[in-house]
Amino acid sequence: MRMSTTDGGALSVAALVADLRHLGVAPGDALMIHASLRRIGPGEGGVGGVLDALDEAVGPDGTLMMILGAVVDLEWVNQHSEDERAALLEAVAPYDQLEAPVLPEVGYLAEAFRKRQGTIVTDNPSGRFAARGRLAGAFLDEAPWHDYYGPGSPLERLCQAGGRVLRLGANPETTTVLHYAEYLADVPGKRRIRRHYKVQGPDGPEVRAVECLDDEFGIVDWPPPGSPVGDGEDGYFAMILRAWLAEGRGLRGRAGGASAELMDAAELVAFGADWMSRHLTG
């Protein structure tokens, strides 16, 4: 199917919707989005046009969710010992989940998604999610503060709702739902971390800890010493995604200029947890 464009050569919203339909996106879908605007290519309406197409593809009964992360003042404080952090955070303003920009590596689409009218966001500076649509509240309301990717998290709720992961030219390492798989995997000695942030508490600013599995450097050292499974530069998320696709799972196609994958979230999590249980060592 040849994509239609506007008179200026940009990908039209209608063409991007058609690509998503051809891939398998249906009205009423609940989707977690990972996308590269650069790979999708110039489109009608810019980033707003891509969001328009995603909204139209799932329709009024659908739901879209993205991981945001947050740019937090003095994030470097968490490189210091825990007993030093409260003093270092004294001079900084409390974290504001509604105003803090997304992490640059997450991408500009996520920043535009965060600011789009009707989008709601969670308050966690380490694991901040955004969602819009019919199930947005069900996915995000009272999301856990600790272990924000684990049981009870928006990721688990996406899986329970039969949601899917939509990747549009995204880096293979960026498949956030696999963080939930890390909690389910039978891996001894999973690495945990504790971060500290200054937040607005019920009685004013306070320093508060966030505890979780290590989602920055991995739940175990990677690659495993002496193991051929870890050869090369890929992290284990990319290896899991490629193994999943190599088995012919999920749906594959194009969205504008980007390669696209549409995958059942619960199935991918189960696959990822099994892969980690077999290949990761504590």
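The table that follows gives values for the structure above.
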| read-out | value |
| --- | --- |
| A26/E216 FRET efficiency (R0 41 Å; Cβ-Cβ; nearest 0.05) | 0.70 |
| Of the trypsin sites (Lys or Arg not before Pro) in the range 1-104, those whose Cβ has at most 10 other Cβ within 10 Å and which sit in DSSP loop | R2 |
| Hydrodynamic radius by Kirkwood, which averages 1/r over all alpha carbon pairs of the range 140-282, in angstrom | 16.5 |
| For the chain, built as a Gaussian network whose Cα springs stay under 10 Å, the top-fluctuating residue of L20, L98, L31 | L98 |
| Cα→Cβ-extended label distance, 7 Å offset, between V92 and R254, nm | 4.5 |
| Cβ-Cβ FRET estimate between A270 and A161, R0 fixed at 25 Å, reported to 0.05 | 0.95 |
| For the range 13-279, size of Cβ-based charge dipole, Lys and Arg +1, Asp and Glu -1, in debye | 720 |
| Tilt relative to the chain, helix 265-279 - C-alpha long axis, 0 to 90 degrees, to 10 | 50 |
| For the range 197-225 versus the range 57-113, the gap between their alpha-carbon centres in whole angstrom | 12 |
| Helical mean residue ellipticity (222 nm; -39500 (n - 2.57) per DSSP H run of 4+; nearest 500) of the chain | -9000 deg cm²/dmol |
| Antiparallel bridge percentage (DSSP; both residues within the chain; nearest 5) | 75 |
| Length-normalised contact order for the chain - Cα pairs under 8 Å, 6+ apart - percent | 22 |
| In degrees, nearest ten, helix 46-58 long axis to first principal axis of the chain (Cα) | 80 |
| Within a Gaussian network of the chain (alpha carbon springs, distance under 10 Å), most fluctuating of D96, D83, D186 | D83 |
| Fully extended contour minus Cα-Cα distance, from E75 to R116, at 0.36 nm per residue | 12.2 nm |
| Theoretical FRET efficiency, 1/(1+(r/R0)^6), r = Cβ-Cβ of I193 and T281, R0 25 Å, to 0.05 | 0.85 |
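Every read-out reported here was derived from the displayed coordinates using simple, explicitly stated rules and does not represent laboratory data. Predicted model, so just to flag it, every value in this text is computed and none were measured. Using ideal geometry, Cβ is built from the backbone for each residue, glycine included, and neighbour counts are taken over all protein chains shown.
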